[in-house]
Structures are given as C-alpha cells and as structure tokens.
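Novice: First the structure, then my questions, so here it is.
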Amino acid sequence: MRAFGNTTYLFIGLAIGLVAGWGLRAVTTSPPSSATVVSVVHTLESADDVTPSEAHGAAGTALQAIGPDREGTDPQNSVSRGVFEFHHQFESSNGATWFFGTLTNTGPVPSKFKVNAILRAAAGEEVGVAVGYPRPSVLQPGERTALGVLRKDGRAFETRDFEVVALETLGPIAVRDGLEVSGWLIDGAPDALSRQVSGKVQNTSDHDMRMVSVHVNAYDADDKVVGITTLYVDGGGLKRGQTARFTGYVYHHAPALRWTQFASGYLE
C-alpha cells in the first residue's frame, strides 16, 4: 500500500487534535491504587485478525493481554503480555471522549498491542467500541508508555470496560535510536489546557528516515496521563545528519505538571 504524503499526515494529526481538544471536561478521576488484573487470551495471525475477549475490566482496572506463542516454545517464556492501567476519562461538547492511561509490556519479548474501550448502555449491552494504539507501536519488555483511546461518535453510554489485545509485529516498525530531540519549549500558562510545544529533531543514525514524528505526553500532579499528541517534523523525513523543527499544540485536559517526549521514524 502506498503511504500518504507527509503533508497529509501532518494535516490529519493537527485536525484530530483540534477537534478532540475543544470544550473538554473531566468526568472521572484517577482510579483506586489497588487494581484487579484480568487475563485476556488472544491467538492472532495479524493485526487485522482481532477477536475481542469476553473478559472486561471496570474503571481503574489493570488489564493483562496474553498473545500468541512466537517461537513455538514454552508459552510462559515466549508469549506477549501487556497491562493497561486506566487513569482518566474526559468528554467534549461535540461528543468526543478520551480515555487515558498507561500500557506496560510485562512479557519477555518486544510486543505490539492495542486497547479497546467497550462502551455499554445502562442495561449492559454494547453500544460501541473505541480503539487506541500505543506510541511506540512496539514496546520492549518492561517498557511503559502513555496511551489514549479516542471515541469520536456521540452515542450515549453508561459504562465502559477495557480490553488489551496482543498483535503480531508485522510490517515496518518505527525506530527511535538515532533520533535526538533538542530545543524543547512549552509555551502558555501552566494551568492552561492548550499548550504549544516546539523543538528540533536530529537524525544522528547511519540511515535516512521517513515519517519522523515526536510523541508528547502530559501528566497531572498525580502522575496520571491527561494528554497526548503526535507531531511531524517539517518536511516529514530526515536524511542522515539532518535536523528539522516541529511545532504544534497539546490539549491536556487537566493542568499538566510533567511532560515526556521522544521521536521515532521509519528507515528508508
């Protein structure tokens, strides 16, 4: 499949951020510190072959996904395992809803995951599913990253559960080694819910890279995720030794006191 142009990716990313960021308000707070772990088992051939499990987690529940045996050896040593910890839910006046939390690879191998938010009516029937993918797309063993699940339709729901799905790592994988972020700036008042971020990314690797992006995460006073965004560098790609700027807005839906950022790209 032929990739879209870099300008198209930049436009889509900014459009999503602007739409999702308007008029947001918090409707839940941080979950209890003690969380039940629910085991969710999947056997997948690819990222397109997904069969959701019947196991669900309540608000504040950490969910564990167990994926397929990659080497055909001892499942305890070779399967993918991931845990999602739910932090916050925020709703906007246009009907969009963000679910934020962290995803951790608790297994022994680099793994790819997605998180489903299952939306239910008062009687318990499903009325929708929203999906979130972590950045980086492949987590190393023990690695944790912020994750947001965006629900864009306005259909009402009463409760939501979460599922973690382990996916096969097929196709190109974004790399982070050799991409260095510098000149990191955050503009705007600390209590503002929209902040402009900017900086530079340099390709210090031995390879040319395409679709180079910077992933920004915002955390509140309790170190819970309140906002995420992905910004592309000017021009989209970086040749060996090249440096490019990035700039954009982060809509953190509660005051943010801590920020993290990293760059990734695909080898030419």
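Bear in mind that the values in this text are calculations on the coordinates, not laboratory data. For clarity, every value in this text was computed on a predicted model and none was experimentally measured. When we count neighbours, we look across all protein chains shown, and the Cβ atoms used for this are built from the backbone with ideal geometry, even at glycine.
Novice: Need the list of lysines near Lys224 for cross-linking: C-alpha distance under 26 angstrom, and skip anything on the same chain fewer than eight residues off.
Specialist: By straight Cα distance, Lys224 reaches Lys112, Lys114, Lys152.
Novice: Which of Val165, Val201, Val129 has the fewest other C-beta atoms within 10 Å, and how do the rest follow up to the most?
Specialist: Listing Val165, Val201, Val129 from fewest to most nearby Cβ atoms yields Val129, Val165, Val201.
Novice: With a 10 Å Cβ neighbour count serving as the proxy for reagent exposure, in which order, fewest first, do Ser205, Ser93 appear?
Specialist: Ser93, Ser205
Novice: By the gyration tensor of its Cα atoms, with a ≥ b ≥ c the square roots of the eigenvalues, what is the shape of region 206-268: rounded for a/c under 1.5, prolate for a/b over b/c, or oblate?
Specialist: prolate
Novice: Which FRET efficiency value, to the nearest 0.05, do you get for Leu185 and Tyr133 by plugging their Cβ-Cβ distance into 1/(1 + (r/R0)^6) with R0 = 22 Å?
Specialist: The value I calculate is 0.20.
Novice: Give, as ranges by residue number, the residues of region 85-129 whose backbone N falls under 12 Å from the point 7 Å along Cα→Cβ of Lys152.
Specialist: From region 85-129, the list is 96-97.
Novice: Could you work out the local net charge near Tyr133, counting Lys and Arg as +1, Asp and Glu as -1, over the other residues with Cβ closer than 10 Å to its Cβ?
Specialist: Residues near Tyr133 contribute +3 overall.
Novice: Please work out how much length the chain gains when fully extended from Arg144 to Asp234, using 0.36 nm per residue of separation minus the C-alpha to C-alpha distance, in nm with one decimal.
Specialist: 29.6 nm
Novice: Let me ask you something else. Using amide H atoms built in the peptide plane, which far-off residues or other-chain residues are under 5 Å from Ser198 H to H?
Specialist: Sorted by chain and number, the residues that satisfy this are Leu185.
Novice: When Glu268, Glu85, Glu125 are ordered from fewest to most other Cβ atoms inside 10 Å of their Cβ, what list results?
Specialist: Least crowded to most crowded, the residues run Glu125, Glu268, Glu85.
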